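First the structure, in the form of structure tokens, and then the observations on it.
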Amino acid sequence: MEGLSLIGMVSVITAGITIAIGSIGPALGEARAVDRALAAIAQQPDESATITRTLFVGLAMIESTAIYCFVVAMILIFANPFWNALSQAAGS
Amino acid sequence: MTISPDGIVVFEWGWLRLTATVVWTWAVMALMTIGSWLITRRLQTGTELSRWQNLVEVIVTGIRDQIRQVSHQEPGGYLPFVGTLFLFIATANLLNVVPGYMAPTGSLSTTTALAICVFVAVPLYGIVYEGPLAYLRHYVHPTWLMLPFNVIGEISRTIALAVRLYGNIMSGTVLVAILVSLTPYFFPVVMQLLGLLTGMIQAYIFAVLAMVYIASATSAHERQRAEDDDGDSS
């Protein structure tokens, strides 16, 4: 049981660090993207449709790095393969 | 807590197992097929339109305009594939307002299947529009050194496409599930509304990205020809 609790502890801490660090980068990146897009729309309101479409696609691409971190955190918490393997070994 | 409709088995008979993902995918497919059949059963070309025909015309015209703007090509050949992707994902996400429904796009299997459709469609469109040799030349476009990177990029963008859609929809579901256990009644509703918006945007982005990937495979030839023309004229 010593190894099992160690895996649980490391998984929870790693999941927290993953989502914390993984959300900083995309937040800064999206802020820059929206900043430039708003400035561009203010300068050229006629092009707002094109700018908005490109902005949304770009935001989704930037945000996907945060989503990857979220998926990794979810796997660590809810579907951790090491935890499952060890608890099965302990059960049998 | 279930974070994916894959874990719910609705029906089991011998080796046959139906999970909630498959059942809800079929439900969405049936809804869209029967709905569009009912609407397109009696189309009119006069000035008197039924309101459903009007709705479908608005959707189809909008998708055609978007495809034309994104790819700078005529949308005819791309409309069936890209339009179907968009409409399926949008319907699957928007049906979240129905109680008890679990979006099939919240399962990694569904999104991987959709991404593999795009992965297969890119070379198909490329070969049909430009021929096999011109498409294959596309992989070694700047130099031969870029070949492995082009191949890796093709695979990694497929994985990114699948995980992006899955992560966005799944995070909405998990967020609502956590909020229901913490602060019921009000906050989950707000997050559900946000989830509807996210689902719509993700459907749009999936379709636009699929269109961009396909257009990058089909437009290389035209670009090459334009460069050759420039070279001849100068």
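Every number in this text was worked out from the coordinates using simple rules, so none of it is lab data. Keep in mind that this is a model prediction, so the values were computed, not measured. Backbone-built Cβ (ideal geometry, glycine too); neighbour counts: all protein chains shown.
Cα-Cα pairs above 25 Å in the protein assembly as shown: how many percent?
Here the tail beyond 25 Å accounts for 62 percent of pairs.
For chain A, what does the helix formula give at 222 nm: sum of -39500 (n - 2.57) over DSSP H segments with n ≥ 4, over the residue count, nearest 500 deg cm²/dmol?
-33000 deg cm²/dmol
Can you give the average number of partner chain beta-carbon atoms within 10 Å of each beta-carbon in peptide A:64-75, as a whole number?
Numbers: counts 8, 2, 2, 9, 5, 1, 5, 7, 1, 0, 6, 1.
Other-chain Cβ atoms within 10 Å of each residue's Cβ, averaged: 4.
Rounded to the nearest 10 degrees, what's the angle between the helix A:81-91 long axis and the longest principal axis of chain A, both from Cα atoms, 0 to 90?
On a 0 to 90 degree scale, this one is about 20.
Note the per residue figure in Å³ for the convex hull of the C-alpha positions in segment B:99-200.
Expressed per residue, the convex hull around the Cα atoms of segment B:99-200 is 126 Å³.
Averaged over A:77-84, how many beta carbons belonging to a partner chain fall within 10 Å of each residue's beta carbon? Before the final figure, lay out each step's value.
Values: counts 2, 5, 3, 0, 0, 0, 0, 0.
Counting other chains' Cβ atoms within 10 Å and averaging over A:77-84 gives 1.
In whole Hz, with x marking every Gly and Pro, tabulate ³J(HN,Hα) for segment B:34-50 from phi via Karplus 6.51 cos²θ - 1.76 cosθ + 1.60, θ = phi - 60°.
5, x, 5, 5, 4, 6, 7, 5, 10, 8, 10, 9, x, 7, 8, 10, 6
Enter the angle in degrees (range 0 to 90, nearest 10) between the Cα long axis of helix B:79-94 and the first principal axis of the Cα atoms of chain B, meaning the one along which they spread out most.
Taking the Cα atoms of chain B, the angle to B:79-94 is about 20 degrees.
Using the 10 angstrom Cβ neighbour count as an exposure proxy, how do B:Arg17, B:Arg164 rank, fewest first?
So the residues, fewest neighbours to most, are B:Arg17, B:Arg164.
When you look at the Cβ of every residue in B:163-176, what mean number of other chain Cβ atoms sits within 10 Å?
Working: counts 4, 8, 3, 2, 10, 5, 0, 4, 5, 0, 0, 4, 0, 0.
Across the residues of B:163-176, the mean count of other-chain Cβ atoms within 10 Å is 3.
Got a sec? How would B:Cys117, A:Cys69 order by Cβ neighbour count within 10 Å, fewest to most?
With the sparsest Cβ surroundings first, the list reads B:Cys117, A:Cys69.
What ³J(HN,Hα) values, in whole Hz, does the Karplus curve 6.51 cos²θ - 1.76 cosθ + 1.60 give for segment B:196-213 when θ = phi - 60°, with x put for Gly and Pro?
4, 4, 4, x, 5, 5, 5, 4, 4, 5, 4, 5, 5, 5, 4, 5, 5, 5
So what J values fall out for segment B:113-123 if you push phi through Karplus, 6.51 cos²θ - 1.76 cosθ + 1.60 with θ = phi - 60°, rounded to Hz, Gly and Pro as x?
Values per residue, Gly and Pro as x: 4, 5, 5, 5, 4, 5, 4, 7, 5, 4, x Hz.
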